[in-house]
Amino acid sequence: MLGLKLATDPRWVNIVESNIEEILTDHAWCEQKAATNAITIVTLNPEHEDLVTDLLALAKEEIEHFQMVHEIIKQRGFTLGRERKDSYVNELYKFMNKGGSRLQSMVDRLLFSAMIEARSCERFKLLSQKIKDPELSKFYHDLMISEAGHYTTFIGFARKYGQPVDVDKRWQELIDFEGEVIQNYGKSETIHG
């Protein structure tokens, strides 16, 4: 379904398990950034009523996920650390067309968002299957399902409102680009690291 070029090496889970506090803090901030991204898309495209409605609901869900991760952090006696830079997302951002039309910008932002959700879904699936912590295994399984829905939402709106942009061609270009970018990741205890 996701069409990613490169799967995460399962040994990444061993890195994650070596520092659960770090992955949880990074994950919390990823959820906050996802909510902010959805709100940004809404503010840039308010004329699409269904997009606004669905992305407001998505933003609310992302904030709820942030809260859920924060609860796990507190329950485990950890402290939510400061926001982490997400180098993977910053590299993906370079793909986005900065000088095109408003429509091209919307399509790229929606596809960029779909890609982040797709990679997060893939990582959450791996965590749900391989992490030794039963609570986190279930937690990441549930979030994997949610991320798949977010991926579908973003790519669906790109296809719905993206004409005359060749959305499927642009998506394939992003898949190829991400396939190159992700080769440098999977070596740290962060969601995209």
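Throughout, read-outs are computed from the coordinates displayed, never taken from laboratory work. Here the structure is a predicted model, which is why all the values come from computation and not from measurement. No Cβ is skipped: glycine too gets one built from the backbone with ideal geometry, and neighbour counts run over all protein chains shown.
Numbers for the structure displayed
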{"item": "Distance (nanometres) between label positions extended 7 Å along Cα→Cβ at Lys160 and Val52", "result": "1.4"}
{"item": "Using alpha-carbon coordinates, inclination of helix 20-44 to the longest axis of the chain, degrees", "result": "20"}
{"item": "Net charge dipole size for the stretch 154-193 [Lys, Arg +1 and Asp, Glu -1 on Cβ; Debye, nearest 20]", "result": "200"}
{"item": "Distance between the stretch 122-193 and the stretch 10-41 - C-alpha centres, whole angstrom", "result": "12"}
{"item": "Net dipole in debye of the stretch 13-184 [+1 Lys, Arg Cβ; -1 Asp, Glu Cβ; about Cα centre; nearest 20]", "result": "220"}
{"item": "When each of Lys5/Lys132; Lys94/Lys132; Lys85/Lys132; Lys74/Lys160; Lys125/Lys169; Lys138/Lys169 is checked by Cα-Cα distance, pairs over 30 Å", "result": "Lys94/Lys132; Lys74/Lys160; Lys138/Lys169"}
{"item": "Taking the stretch 13-184 and dividing mean pair separation by its residue count, relative contact order in percent (alpha carbons under 8 Å, at least six apart)", "result": "23"}
{"item": "Of the GluC sites (Glu not before Pro) in the stretch 9-114, those whose Cβ has at most 14 other Cβ within 10 Å and which sit in DSSP loop", "result": "Glu47, Glu83"}
{"item": "Semi-axis lengths (Å, descending) of the ellipsoid that matches the C-alpha gyration tensor of the stretch 70-165", "result": "32, 17, 10"}
{"item": "Helix-only mean residue ellipticity at 222 nm for the chain, each DSSP H run of n ≥ 4 adding -39500 (n - 2.57), per residue, nearest 500", "result": "-24500 deg cm²/dmol"}
{"item": "Principal-axis tilt of helix 134-161 within the chain, Cα atoms, nearest 10 degrees", "result": "10"}
{"item": "Taking N as its residue count, the alpha carbon Rg of the stretch 1-62 over 2.2 N^0.38 Å", "result": "1.51"}
{"item": "Ser128, Ser105, Ser18 arranged by Cβ crowding within 10 Å, fewest neighbours leading", "result": "Ser18, Ser105, Ser128"}
{"item": "Column: log10 I(q)/I(0), Debye, Cα scatterers of the stretch 13-184, q = 0.09, 0.13, 0.19 Å⁻¹", "result": "-0.32, -0.65, -1.29"}
